[in-house]
Amino acid sequence: MAANPYRAIGHGKPGKIGCRIHHYEEIGSTQDIAQQLALEGAPHGTVVIAESQTAGRGRLGRDWFSPPGVNLHTTIILKPAIAPGAVAVLGLVAGVALAEAVQAIAPGLPGLKWPNDLWLRGKKAGGILAQLLAGAPLCVLLGIGVNVNLTLQQMPEELRDIATSLLVETGEPCDRVQFAAALFEHLDKWIGQTQHSGFGAIAPLWERYSVLTGKQVTVFDGLVRYTGTVKGIDQNGALLLAGGGNVRRVVAGDVTLERIER
């Protein structure tokens, strides 16, 4: 394991995100290491960060492009006091925390694409993966990947029209350690709120950053495609899709649209 530059933001407080921060130069996936640590009894708030991942992945098993030393690749072990059925909203909660951390350094730029993508000016800059670990007690591996100091030249050509980074959009390099500290602080706050009173109070905050509300979209849930206008999300985090005189609750699926303007 390389020297840990994130040690400075670890606080050792049990129950707080960042109570333990494990840092690696290169690993297959932060999700895999976090799973191993969780099975060994790592506490709520334990964080795994990698400079580079050789097998990074996003939703639906997709690969995540992860060059070394420029982005934030992290997985946080969560053992929240929520019902197992509420695990899906943790990705949305993390989206609010991530958008707020970005807003502090890039005002007006962050947007959230349901269910769990960070967008900057209509391009993807980050993603969130909430993975329930089988067994008891409840444990969730919350993976977050953010393009922080990735340059346009470092991106594969096939991604340049659809992906971006904080550096590309602001023109300024970002201190990844301080960005992680802000992200963990916001995440701690909103997870605590979710445990206390549910996702309902956080849903309006997520809506403020939504890039889909009012847009015509197509949703594919793996079996059926639905087309309609996004009306927002409900108190349980489901996407509300209006079409054919009805409003459909969509709890999972891929969302596409012709163009996002932010």
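Going by what's in this entry, would His186 be described as assigned by TED's automatic domain parsing to the domain that holds Lys123, at pLDDT below 95 and assigned to a helix (DSSP H, G or I)?
Criteria not met by His186.
Out of curiosity, is Val177 in contact with a Pro (Cβ under 8 Å, 6 or more places away or on another chain) and closer than 30 Å to Asn4 by Cβ?
Criteria met by Val177.
What residue, of Glu157, Glu169, is surrounded by 15 or more Cβ atoms within 10 Å (Cβ to Cβ), farther than 28 Å from His11 by Cβ and assigned by TED's automatic domain parsing to the domain that holds Asp32?
Just one listed residue meets the conditions, Glu169.
Pull up the stretch 194-207, narrow it to residues that are part of a helix (DSSP H, G or I) and without any contact (Cβ under 8 Å) to a residue 12 or more places away in the chain, then point me to the one that is nearest to Thr151 (Cα to Cα).
Residue satisfying both the conditions and the ranking: Pro204.
Considering only the stretch 102-122, how many residues are among the basic types (Lys, Arg) and within 21 Å of Asp221 (Cα to Cα)?
So the answer is 1.
Within the stretch 136-148, track down each residue that is touching a residue at least 12 places away in the same chain (Cβ under 8 Å) and either more than 16 Å from Val48 (Cα to Cα) or part of a loop (DSSP other than H, G, I, E, B) (or both).
Pro137, Leu138, Asn147, Val148
Could you check, for the stretch 87-110, whether at least one of its residues is part of a strand (DSSP E or B) and buried (at least 17 other Cβ atoms within 10 Å of the Cβ)?
yes
Take Ala252 and tell me if it is touching a residue at least 12 places away in the same chain (Cβ under 8 Å) and either in contact with a strand residue (DSSP E or B) (Cβ under 8 Å, 6 or more places away or on another chain) or acidic (Asp, Glu) (or both).
No.
Can you report the number of residues in the stretch 77-133 which are without any contact (Cβ under 8 Å) to a residue 40 or more places away in the chain, more than 20 Å from Asp234 (Cβ to Cβ) and charged (D, E, K, R)?
0
The values are calculated or read from the model by the stated rules, or taken from the named source; none is laboratory data. From a predicted model like this one, the values you see are computed outputs, not experimental measurements. Note that each Cβ is placed from the backbone with ideal geometry, even for glycine, and that neighbours are counted across all protein chains shown.
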